[in-house]
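All remarks here apply to the structure that follows.
What follows draws every value from the coordinates through simple rules; no lab data is involved. Because the structure is a prediction, the values reported are computed rather than measured. FYI the Cβ positions are ideal-geometry reconstructions off the backbone, even for glycines, and counts take in every protein chain you see.
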Amino acid sequence: MNETILELAKAVSGAGEAEETLLALLCAAAEQRWTARLRDGVTVEKCGTAFRCAAAFTAAADLMAGRGGGTVSAFTAGEISVSGKGSTERAGSAAELRRAAERLMAPYAESDDFSFKGVRG
């Protein structure tokens, strides 16, 4: 399953060869986190493709969030302009991937939200 998650994460994140080792580790960590959050009686197999997609989205989001902000996001040379995602756009993309992963796994995993209910002050 790790290979499928890694291939999906590479496609989503646009990871290059230099980032592949880090992305593989992030995929393994995402797989462990999602497995730990599965509801009682739910197995990875019962989640179907949702598990693999959620783990890939989570790993891709972690990679995007970890990319340095010191890179040039746009430049112009004569009549040619090149632009990429800046740190704000990367953070937004990473957050959306995390939300998508949560939506995919909502039927299978415990919520990651934390709240106090009935706590006396």
Inset, instruction - Find out how many positive minus negative residues lie around residue 46, taking Lys and Arg as positive, Asp and Glu as negative, among other residues whose Cβ is under 14 Å from that of residue 46. - result: +1
Inset, instruction - Would you mind checking which residues have amide H under 5 Å from residue 109's amide H? H placed 1.01 Å from N; only 5 or more apart, or other chain. - result: 39
Legend entry - J(HN,Hα) series, region 59-64, from Karplus relation 6.51 cos²θ - 1.76 cosθ + 1.60, nearest Hz, glycine and proline x: 5, 4, 5, 5, 5, 4
